[in-house]
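Down below is the structure, laid out as structure tokens.
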Protein chains: 2
Amino acid sequence: MSQAKNELDPTERMLRACRGESVDRPPVWLMRQAGRYLPEYRQIREGTSFLEMCSDVDRAVAVSLQPIDLVGSEAVILFSDIFVPVLGMGLEVEFAPGPTLADPIRTHAQIEAMRQTDPRDEVPYVFEILRRLRGELADRRIPLLGFAGAPFTLAAYLVEGSGSRDFATLKTMMVREPDVLRSLLARLTKLTVAYLEAQIEAGAQVVQLFDTWAGLLDAESYREWVLPVHREIARSTRREDVPLILYLNNGSHLLELQLEAGADVISVDWRVDLERAASLAGREASVQGNLDPCLLAASREEIFSRVARIAEQASGARGHILNLGHGCLPSTPVEGVRAFTDAARALGRG
Amino acid sequence: MSQAKNELDPTERMLRACRGESVDRPPVWLMRQAGRYLPEYRQIREGTSFLEMCSDVDRAVAVSLQPIDLVGSEAVILFSDIFVPVLGMGLEVEFAPGPTLADPIRTHAQIEAMRQTDPRDEVPYVFEILRRLRGELADRRIPLLGFAGAPFTLAAYLVEGSGSRDFATLKTMMVREPDVLRSLLARLTKLTVAYLEAQIEAGAQVVQLFDTWAGLLDAESYREWVLPVHREIARSTRREDVPLILYLNNGSHLLELQLEAGADVISVDWRVDLERAASLAGREASVQGNLDPCLLAASREEIFSRVARIAEQASGARGHILNLGHGCLPSTPVEGVRAFTDAARALGRG
């Protein structure tokens, strides 16, 4: 990574890192940085369900902004849930605390009954939150990120009816009723494209697609079921000036295929060797990651040393965004998160 | 893989495949082949807890043998649970249905209070089951496998107190109280070596070490915490005539390190590219695997074609044992398991 001489502002640093242009040091933010590990978050959340929070514009804006001052994050991500746009399709999803459906999607009839509407009409609060955040962030030059859950991950929950270790119902559908699953993925892909486009329109400067469960698949199944969906989303939502980050959980065996989607940045977990990722990505994509969030329980010194190693491993990439390999956990120590973002700033001081 | 001209008996085929000697075709068995997917298993289990089954010699022998005739498996594995030897240390583990501990292990004092005894005295039924099975199998020339859970996986449950998606308590212990975890792993390693030695003495002809949770770690942490344990077990229990199989769940990023343990066979899940595994293993180890158990829901034709592809991908290995990438699930269709073992036999007629 070539080094820009002057210190960049956070928005410029983030956008340049995503595009593989020279930066002074990697930008830093954390997945699920607005979360239960923060006492100030728990205070705002108190007595409110997770979904209520997602549609409460004031509170969602407030918690989205918390990580800037509380833990030194250099980007803000929309506070929401990957299921929010799905609710707009008329599905009943409960959070207990993971998404659960009393009536899992298993038939063509259920898929045809799903409403095809504009997310702007169904979940307008999402775009209101983004517009408000963009306004709040303008002066501070902090970049605003939007996001969506990837169709395969949404389908995994919708078909299985809940989280699962094996997602055996979903995988059984893959071999026994491939047309049903294909049709469900097509609907969700259309929804996701419209949803991300509306987020960009409302002010998101970068968007991240989260595929939490695609890593359950072998490479052959991923190529058949997931890659075309990612490609379609990348093709339809990518803008010259709004980079797309593609996150795979547990996808170290899928790295080559993750790159084939055409996203600007691949986001990887701690199982991925960043040197290998950087070398495979070449000039095609930047890399984001990849500390194990559990290691934020380590001492400040240890966190600094791990961040330095991660930055070194990613140094061959065209661009690197420092982040975790998975979201912050409720048990994550606040001081560990602070050490993490401080360590990123220390990289700039060489 | 070079082909022996004459059809081998199942014991000879298995032992030769483990050692990388020429065979007529890959041997076949399935992890968790004696399980709830079999109606005949459910009948014997009825009204009995899982742990009761493990100590009921007659029933354990009966269900261990079922997969030979019911689904055509060509090896028998001891029916037991990875926690059986741990019970002999005086720990209270409940199954609900996964292992749970009211009093998770978090301190040196708890580790020192764990009894260090001979598994032969504490869980004599395990060895009685093996002796009985060996007697039953002698005439049929079916090989008998023993097994143990790997210390890291046992420690994961003991520290966390139950299964977990992130095992954050365990990973926090890794960075905050490494000495406690090291001491727990040392105890469990000693236990595992004694347990496998006693199984070999009781007639196990091959032993498999199951590491279900080591795949949660990044390569660096695995090298520090898991590899020395696997090495110690391989060094202490390996016999010229009793091969050791090392299974990692979700370990595609750890393949090189899995090979460094010195086991005779590496067993891998469907995320691993078998061609890559075969090429890395070279003449040092055979490979076992790796169909996704969920794909046993596919048609007989599809299963035959997938098995043929797996055998082709593994053809560069010094030896290949056809198996799943993870255990059979309660929802696995019996006819899919039969198709799987038939497909292995069809390879010999290829």
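Of note:
- Label-to-label distance, residue B:190 versus residue B:22, with points set 7 angstrom from Cα along the beta-carbon direction: 4.8 nm.
- Once backbone amide H atoms are built at 1.01 Å from N, residue A:290 has A:323 as its partners under 5 Å, excluding neighbours fewer than 5 places away on the same chain.
- Here region B:147-258 carries DSSP beta bridges of which approximately 10% are antiparallel, counting only pairs with both residues inside.
- Remark: mean inter-chain Cβ contacts per residue of A:269-277 equal 3, using a 10 Å Cβ-Cβ cutoff to other protein chain atoms.
- Size-normalised alpha-carbon gyration radius of chain B, reference 2.2 N^0.38 Å: 0.94
- ³J(HN,Hα), Karplus 6.51/-1.76/1.60, whole Hz, each residue of region A:161-178, x for Gly, Pro: x, 5, x, 6, 6, 10, 6, 5, 5, 4, 5, 5, 4, 4, 9, 9, 9, x
- Nearest-first distances (nm) between copies at residue B:87, label 7 Å from Cα via Cβ: 4.6
- By average C-beta atoms within 10 angstrom, highest first, the peptides B:218-224, B:16-22, B:175-181, A:93-99: B:16-22, B:218-224, B:175-181, A:93-99
- Residue ranges B:67-75, B:202-210 sort as B:202-210, B:67-75 when ordered by packing (mean number of other C-beta atoms within 10 Å per residue, highest first).
- Overall, the anisotropy analysis places region A:201-305 in the oblate class: the square-rooted eigenvalues a ≥ b ≥ c of its C-alpha gyration tensor yield a/c not less than 1.5, with a/b not exceeding b/c.
- Shielding by partners for peptide B:164-176, expressed as the average number of C-beta atoms from other protein chains within 10 Å of each residue's C-beta, is 5.
- Think of region A:10-348 as a dipole: +1 on every Lys or Arg Cβ, -1 on every Asp or Glu Cβ, centred on the Cα centre; then among A:295, A:97, A:189, A:295 lies furthest on the positive end.
- Inter-chain Cβ neighbour average for residues A:215-228, partner chain, 10 Å: 3
- Formal net charge of residues neighbouring residue B:110 (Cβ-Cβ distance under 11 Å; K, R +1; D, E -1): 0
- Percent of beta bridges antiparallel (DSSP, chain A, rounded to nearest 5): 10 percent
- Exposure proxy ranking, count of Cβ atoms within 10 Å, fewest first, for A:187, B:13: A:187, B:13
- Sorted largest first, the principal axis extents computed over the alpha-carbon atoms of the protein assembly as shown equal 81, 57, 48 Å.
- The calculated FRET efficiency for the pair residue B:115 and residue A:241, based on their C-beta separation and a Förster distance of 60 Å, comes to about 0.35.
- For residue A:23, distant residues with modelled amide H under 5 Å away: A:2, A:4
- Residues residue A:49 and residue B:141, FRET efficiency given R0 of 60 Å [Cβ-Cβ distance, rounded to 0.05]: 0.45
- Using a 7 Å projection from Cα along Cα-to-Cβ, the label point at residue A:223 is separated from the same position in the remaining copies by 3.1 nm, smallest value first.
- Summing charges over neighbours of residue B:285, with a neighbour being any other residue whose Cβ is under 11 Å away from its Cβ, gives 0 when K and R count +1 and D and E count -1.
- Between 0 and 90 degrees, the angle of helix A:124-138 with respect to the longest Cα principal axis of chain A falls at about 10 degrees.
- For a straight C-alpha distance cut-off of 14 angstrom, the aspartates and glutamates reachable from residue A:190 (same-chain residues fewer than eight places away being disregarded) are A:112, A:118, A:232.
- Other copies of residue B:345: label-to-label distances in nm, shortest first, labels 7 Å along the beta-carbon direction: 7.0
We did not get these values from a lab; they are worked out from the coordinates using the rules stated. None of these values were measured; they are calculated from a predicted model. Don't worry about glycine lacking a Cβ; one is built from the backbone with ideal geometry, like all the others, and counts go over all protein chains shown.
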